[in-house]
Amino acid sequence: MKSTQETGSFIRELVFANRILAREGVVDAFGHVSVRHPRNPDRYLLARSRSPELVTGDDIMEFSLDGNAIEGRGRRPYGERMIHGAVYELRPEVHSVVHNHAQELIPFGVTGAKLRPIMHVCGPIGAAVPIWDIRKKFGDTDLLVINMEQGRDLARRLGDGPLALMRGHGCVVAGRNLREAVMIAIYAQVNARLQLQTTQLGKPRFLSAGEIEKCTERQFSPLALERAWEYWCARAGCAAL
């Protein structure tokens, strides 16, 4: 009974995460968020192919790391679920993955301009955000990550960091837990917007390595995470779900 309740709690929070990311404009009709299974690290939970704002508990599916559905029940999965499995496979400490197409991030993935933290709450995006270009290894594609070979190549480019940009596509976020992943995804978008605005006025003064470390520690503290999660849930109407 306890294990069933634990899984149910994870599913509920995963539904909330979908709604939050939609409300904050990080995802629209496309994009997805997952969590590693709480009792089986070789599996993860991810919604069926549906716009995040519409995801319910019944949409959540269980997958093996190679992207095979455990009990599909006729539900169509996301084509890019390989992003999630590849990151979980390479990074055992990661327990949540977000993939989104936040438009503010796109310029940084196609120009060579480096996305760097410019505000204290944005520290968790990390000091050096790598860019993955699917064309380098796979040639001309539709830029979607549709198999494990592509997913693993992306995961290797992500390395041990929290965020990687995908050229002309979006980004992948890796968090130690669901709330951290959601926070990184939201503030990556915020940072991109602020950095673009700042460069119109002058040369940005970015956070130092030490400031990034201290700001990340503060943002990932239980107090900050719980406060932010409560706020985002209220904005997304999660209390009614």
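The values are calculated or read from the model by the stated rules, or taken from the named source; none is laboratory data. Computed from a prediction, not measured in an experiment: that's the story for all the values here. Cβ placement follows ideal geometry from the backbone for every residue including glycine, while neighbour counts extend to all protein chains displayed. Surface accessibility is based on the protein's heavy atoms, side chains included, excluding ligands, DNA and RNA. Shrake-Rupley method; radii C 1.70, N 1.55, O 1.52, S 1.80 Å.
Here are some notes:
- Figure legend. Inter-residue proximity from segment 146-161: first residues touching a residue at least 12 places away in the same chain (Cβ under 8 Å) and within 16 Å of Lys136 (Cβ to Cβ), second residues open to solvent by less than 10 Å² (accessible area, probe 1.4 Å) and in a helix (DSSP H, G or I), beta-carbon distance below 6 Å, spacing 6+ or different chains. Indicated pairs: Gly151/Ile83; Gly151/Ala86; Arg152/Ala86; Ala155/Ala86; Ala155/Val87.
- Looking only at residues of segment 131-150 that are farther than 14 Å from Arg167 by Cβ and not in a helix (DSSP H, G or I), we find that the one that is least open to solvent (accessible area, probe 1.4 Å) is Asn147.
- Qualifying residue in segment 182-195 (condition: closer than 17 Å to Val94 by Cβ, touching a residue at least 60 places away in the same chain (Cβ under 8 Å), outside any helix (DSSP H, G or I) and open to solvent by less than 20 Å² (accessible area, probe 1.4 Å)): no
- Total residues in segment 44-77, condition among the hydroxyl-bearing types (Ser, Thr, Tyr) and part of a loop (DSSP other than H, G, I, E, B): 3
- Scanning segment 34-43 for residues that are assigned to a strand (DSSP E or B) and over 14 Å from the mean Cα position of the chain (by Cα) yields a single hit, Arg43.
- Matching residues, segment 24-73, being open to solvent by 70 Å² or more (accessible area, probe 1.4 Å) and in contact with a Leu (Cβ under 6 Å, 6 or more places away or on another chain): Asp42
- Counting only residues that are of a type outside the set (S, T, N, Q) and part of a loop (DSSP other than H, G, I, E, B), segment 85-130 holds 20 of them.
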